[in-house]
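Coordinate-derived values only; no laboratory data. Just so it is clear, the structure is predicted and the values come from calculations on it, not from any experiment. Note that each Cβ is placed from the backbone with ideal geometry, even for glycine, and that neighbours are counted across all protein chains shown.
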Amino acid sequence: MFNSLSDRLQDTFERLRGKGRLTEADINVAMREIRMALLEADVNYRVVKEFVARCKEKCLTAEVLSSLSPAQNVVKVVLDELTVLLGSTDSRLTLAQNRTPNVIMLVGLQGSGKTTAAAKLAYLLKGQGHSPLLAACDTHRPAAADQLETLGGEIGVPVFRGDGKDAVAVASGSIKEAVDRLCDIVIVDTAGRLQIDEEMMEEAVAIKQAVRPDQILMVVDAMTGQDIVNVVTEFANRVDFDGVIMSKLDGDARGGGALSVREVTGKPIKFVSMGEKPDSLEVFHPDRMAKRILGMGDVVGIIEQAQKVANEQQVADAERMLREGFTMDDLLSQMQQIRKMGGLQKLAGMIPGMERAMAQMPQAASDEQLTRIESIIRSMTKEERARPKIINGQRRRRIATGSGRSVQEVNQLIKQWDEMNKMMGKMKGMMQPGAAGKKNRRAMQQMMRNMGGGGRFPF
């Protein structure tokens, strides 16, 4: 996500950091690099031109040029303008309080991911305590209703298909179905075409008139690039949608469309989809996305992900680990929590500088490595997982054979477990009162410094 753009911008800022004072020539060079980075990311030319002009005007002030940290001022200017470009403030889904059911209508081109987005949105709303109903109003694409019904079944959300012939009739019937089922939200999945055509637009307008949606969201494929501008502009003129769901953002290294859509149409990005799983739809936060593009991470996002998977058992497990030590079952549990939080790649993008560091390190941890480690741990006996120190050479060969991995990989995992267990012992010692605890706290601080300088991952 935005990988190439992020790398180019970070390289530009890195060159500025070596200068004690920035001249107008330095600013011009930096702005030229930023312009090229944005254009290569497939951002709309007019958007790039206006964005760079605003950044340059703010950077060429006396306050910035005389600053003790001029490079940081340039970064701040670009961050602020990038946040404005993406939408400044969060644009959350607005639901009517005095109407049941609320209706959310999805529009977009064929292949943009409307049907999957409808299911993901239903899953998100269900998690917030709502009772959604999916309406299969794509009566043109073969098996579209079947796909929606399959997705609805996976997340436990009912799907209304009607006669499967008249999209407007299906949409109207879904409202009555929602009332009968006591569903408070109807999500209408409409038909798309490979390109904008009059028939598709007329049907979308007819459905809108029939169900009077509270929100119309346009689903846009992030990999469309600058073509997004033409598509969203046409839809905005005909159906006047309220916001955008940006799909497949995880599959686009450039992401220029996401940076163009708000500026060109004035329509906010409300959700982004970064993955295939039902829980991969997220509320879009412009400020957080801007920081991630500039390599500053998203610490708040990590905290929110951790809060989603936190429970009382994990607190009890943490206390037991401090008291009794770290087992292989604990390591397995931690990896499962990482998966629940979106996987290593997603978390890496939220940690400042981590995504870039992982890309530059061939031995960096990955989701595939987590799978390999999991297979090794599951090939151990219950006693071996509880007491890894008993795993001798013979046991290691058996574990390697059972997991389909090499003995060297088993040895590496046991060595890493030993380091983590020692760290757990240091943390336990930190809680001791007096001189002993103080000594252990100093040792722990030194260990963390060493780990930070060595660029090593626990897996």
**Request:** Select from region 17-64 those trypsin sites (Lys or Arg not before Pro) which occupy a DSSP coil region and have at most 14 other Cβ atoms within 10 Å, ordered by residue number.
**Result:** LYS19, ARG21
**Long pairs among LYS19/LYS56; LYS76/LYS114; LYS126/LYS248; LYS126/LYS291, criterion Cα-Cα beyond 25 Å** = LYS76/LYS114; LYS126/LYS291
**Request:** Please go through the residue pairs LYS58/LYS267; LYS176/LYS277; LYS49/LYS270; LYS120/LYS270 and name each one whose alpha carbons sit more than 18 Å apart in this structure.
**Result:** LYS58/LYS267; LYS176/LYS277; LYS49/LYS270
**Complete:** For region 5-86, whose charge dipole is built from +1 on Lys and Arg Cβ atoms and -1 on Asp and Glu Cβ atoms, the candidate among VAL48, LEU5, ALA71 with its Cα farthest towards the positive end is ALA71
**Asked** Measuring from centroid to centroid over Cα atoms, what is the spacing of region 122-190 and region 364-408 in Å?
**Response** 45
**Message:** Among LEU121, ASN237, VAL107, which residue has its Cα furthest toward the positive end of the charge dipole of region 102-287, with +1 on Lys/Arg Cβ and -1 on Asp/Glu Cβ?
**Reply:** LEU121
**Item:** Rounded to whole Hz, the Karplus (6.51, -1.76, 1.60) HN-Hα couplings of region 268-274, x for glycine and proline
**Value:** x, 7, 9, 9, 10, 10, 10
